[in-house]
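See below for the structure under consideration.
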Amino acid sequence: MTFLVNDFFVSLQGEGPAIGEPAAFIRLSGCNLACAYCDTAHEVGRPMEVDAILDAIRSWPARVVLTGGEPLLAGGKLVELAAAVSNTGRMVDIETNGTIAPPSELAGLIDNYVISPKLSNSGMSVTERRLAEGLPPGPLKFAVGVAEELDEVAAIAAEHPERQVIIMPLGTGRDQMLTGLERLRAPVRARGWRLLPRLQVLLGLK
């Protein structure tokens, strides 16, 4: 089975609940959204069979992240890849925008889902970025530019009270990230949510 792979790399997890942990990333090409602030050139990729992907991750860390783009665009094909990685004894995480429900066959193969709903600052319409029904458990991670956008986060979070809310500042530079953290610190704390940086921006990681 062939996947269009945009990139492989080993780094620290820069975002979400596993921030700072060693992780390997399999970035699949393609996305169903076109967010205004997207900093990932995910449109291009090379075809790779599962065996070739497994060979590439032979010496990787214990956590493997399937990301994109939007990895769930692969649909049922993703089951074979997730199973193959899981069978190596590694933890398998999926990073998704939450607009596509995963196939039921992924249950038991994925250790963690990190769902990143998009706000109006993405430039996408409400319909395009609406969360799918039947999403598995996992935190909601939002990229926020200004404190006023937290009201929009609250509206989404109110529909999913069982999920942890993580806020991270928008920005592609270290100074922007630090300024955003300071600007959002008090209003995020007041709502009882978690505020995290994008570590790859602060440290210049891939």
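The values are calculated or read from the model by the stated rules, or taken from the named source; none is laboratory data. Everything numeric here is computed off the predicted structure, so don't read it as measured data. Please note: Cβ atoms are built from the backbone with ideal geometry, for glycine as well, and neighbour counts cover all protein chains shown.
Things to note:
- Here the condition is being within 29 Å of F8 (Cβ to Cβ) and in contact with a Lys or Arg (Cβ under 9 Å, 6 or more places away or on another chain); of P197, P117, P136, it holds for P117 alone.
- Taken over region 35-61, the criterion of being touching a residue at least 12 places away in the same chain (Cβ under 8 Å), of a type outside the set (D, E, K, R), surrounded by fewer than 14 Cβ atoms within 10 Å (Cβ to Cβ) and more than 21 Å from I115 (Cα to Cα) is satisfied by V44, P47.
- Residue that is nearest to the chain's Cα centre (by Cα) [pool: residues in region 52-109 that are closer than 26 Å to R130 by Cβ and among the acidic types (D, E)]: E95
- Of the candidates V64, V85, V92, the single residue that is buried (at least 18 other Cβ atoms within 10 Å of the Cβ) and farther than 29 Å from V144 by Cα is V85.
- Filter pass, R189 being part of a helix (DSSP H, G or I), of a type in the set (D, E, K, R), free of Cβ contacts under 8 Å to residues at least 60 places away in the same chain and surrounded by 15 or more Cβ atoms within 10 Å (Cβ to Cβ): no
- L140 meets the conditions (1) surrounded by fewer than 19 Cβ atoms within 10 Å (Cβ to Cβ); (2) within 18 Å of the chain's Cα centre (by Cα) in every case but one. The failed one is (1).
- Subset tally (residues that are within 15 Å of A101 (Cα to Cα) and exposed (fewer than 14 other Cβ atoms within 10 Å of the Cβ)) for region 113-126: 0
- A single member of L12, L73 is closer than 25 Å to E105 by Cβ and buried (at least 16 other Cβ atoms within 10 Å of the Cβ), and it is L73.
- Members of region 44-71 that are in contact with a Cys (Cβ under 9 Å, 6 or more places away or on another chain) and among the charged types (D, E, K, R): E70
- The number of residues in region 192-203 being part of a loop (DSSP other than H, G, I, E, B) and either among the basic types (K, R) or touching a residue at least 24 places away in the same chain (Cβ under 8 Å) (or both) comes to 4.
- Number of positions in region 112-156 that are without any contact (Cβ under 8 Å) to a residue 24 or more places away in the chain and in contact with an Asp or Glu (Cβ under 7 Å, 6 or more places away or on another chain): 0
- The requirement of being modelled with pLDDT of 95 or more, among the aliphatic types (A, V, I, L, M), within 27 Å of E21 (Cα to Cα) and assigned to a loop (DSSP other than H, G, I, E, B) is fulfilled nowhere in region 152-162; no residue meets it.
- Lone unmet requirement of (1) surrounded by 15 or more Cβ atoms within 10 Å (Cβ to Cβ); (2) within 21 Å of P102 (Cα to Cα) for T2: (1)
- Test set (1) part of a strand (DSSP E or B); (2) under 16 Å from T99 (Cβ atoms) - M168 fails condition number: (2)
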